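For reference, the structure is listed below as structure tokens.
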Ligand SMILES: NC(=O)c1ccc[n+]([C@@H]2O[C@H](COP(=O)([O-])OP(=O)(O)OC[C@H]3O[C@@H](n4cnc5c(N)ncnc54)[C@H](O)[C@@H]3O)[C@@H](O)[C@H]2O)c1
């Protein structure tokens, strides 16, 4: 029999997620809400961790409506003491944690010269420090249980290039990308894979509170992003699904840009895709 004849015929065999417990840090809205629902759809039980209780309760109810178990883990996950308590309760309620999706993150908006030490620390804490603490907590538990696992963080293209007007955020996201590689190396022997996604511009509820999805799409097209629009939370969640499932079982330590091609074009693609070729220079 060839390998192709053995290709899985069901989602359960293909993704290998049925019965796994997924912890979604920032699961109550946007990318987190979509990830919680897609993973539940594919057979995961879900711990919805969010600082806003109503959000955790809403998404946990959505997970249960899909026939899966859910646990509301309410608290400020950037506070290590709170995170330890919330994660201990969640693990006890769900019997373990197999998957971590780390989504919480936000940028302050200051020029380099205007960034204060407090603003700098705030962006490290709410982007990088909590990811270090919560993923370490979960990885220790995975190692103790000896069952392996998968961790996926949301970084940003701002961690892969200059990050004008939010230097602190860019450094924090670059820190996530670096930490993911080190974790992948140190945890690979325990069967734990660690990856991250670097979104470009995404139409999240928070982003669209500032400017509508239509304006955001137009801005992306105007910036010359090859796919000509912002990404969606559904698209991010589908890539989360790939990175935490058996579909990517030989992938670890990577940062996958999801930016409509933004990073791949250093040039303004509009100039090169729409303009007719220049006339040859006339001899004088
Ligand atoms: N929107 C974009 O264009 C874009 C681009 C690149 C990267 N990102 C990254 O994507 C991630 C998600 O962004 P978003 O705009 O969807 O976020 P969001 O604010 O919409 O969602 C984050 C969720 O986390 C919860 N949360 C916030 N602080 C928390 C805390 N301390 N403890 C527990 N829960 C908390 C919120 O209540 C919310 O439900 C972030 O890491 C962000 O940096 C976003």
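The values are calculated or read from the model by the stated rules, or taken from the named source; none is laboratory data. Computed from a predicted structure; not experimentally measured. Every residue, glycine among them, receives a Cβ derived from its backbone with ideal geometry; neighbour counts consider all protein chains shown.
Flag set for residue 184, criterion: away from the ligand (no atom under 16 Å from the Cβ), under 22 Å from residue 150 (Cβ atoms) and either surrounded by fewer than 14 Cβ atoms within 10 Å (Cβ to Cβ) or under 17 Å from the mean Cα position of the chain (by Cα) (or both). Is segment 238-256 home to any residue that is modelled with pLDDT of 95 or more, within 16 Å of the ligand (Cβ to nearest atom), assigned to a helix (DSSP H, G or I) and surrounded by fewer than 17 Cβ atoms within 10 Å (Cβ to Cβ)? So far as segment 238-256 goes, yes, one or more of its residues are modelled with pLDDT of 95 or more, within 16 Å of the ligand (Cβ to nearest atom), assigned to a helix (DSSP H, G or I) and surrounded by fewer than 17 Cβ atoms within 10 Å (Cβ to Cβ). Within segment 131-158, residues that are over 23 Å from residue 105 (Cβ atoms) sit with their Cβ atoms under 6 Å from residues that are modelled with pLDDT of 95 or more and surrounded by fewer than 20 Cβ atoms within 10 Å (Cβ to Cβ), at 6+ positions apart or across chains, in these pairs: 143/190; 145/96; 148/191.
Identify, please: which residue in segment 42-53 is in contact (Cβ under 8 Å) with a residue 24 or more places away in the chain and within 16 Å of the ligand (Cβ to nearest atom) and is, among those, nearest to residue 10 (Cα to Cα)? Applying the filter and picking the extreme gives 46. None of 229, 206 is within 13 Å of the ligand (Cβ to nearest atom) and at pLDDT below 90 except 206. Kindly indicate whether any position in segment 160-177 is surrounded by fewer than 23 Cβ atoms within 10 Å (Cβ to Cβ), more than 14 Å from the ligand (Cβ to nearest atom) and closer than 15 Å to residue 25 by Cα. No: segment 160-177 contains no residue that is surrounded by fewer than 23 Cβ atoms within 10 Å (Cβ to Cβ), more than 14 Å from the ligand (Cβ to nearest atom) and closer than 15 Å to residue 25 by Cα. Considering segment 81-122, and only residues there that are within 15 Å of the ligand (Cβ to nearest atom) and surrounded by fewer than 17 Cβ atoms within 10 Å (Cβ to Cβ), the residue that is farthest from residue 133 (Cα to Cα) turns out to be 109.
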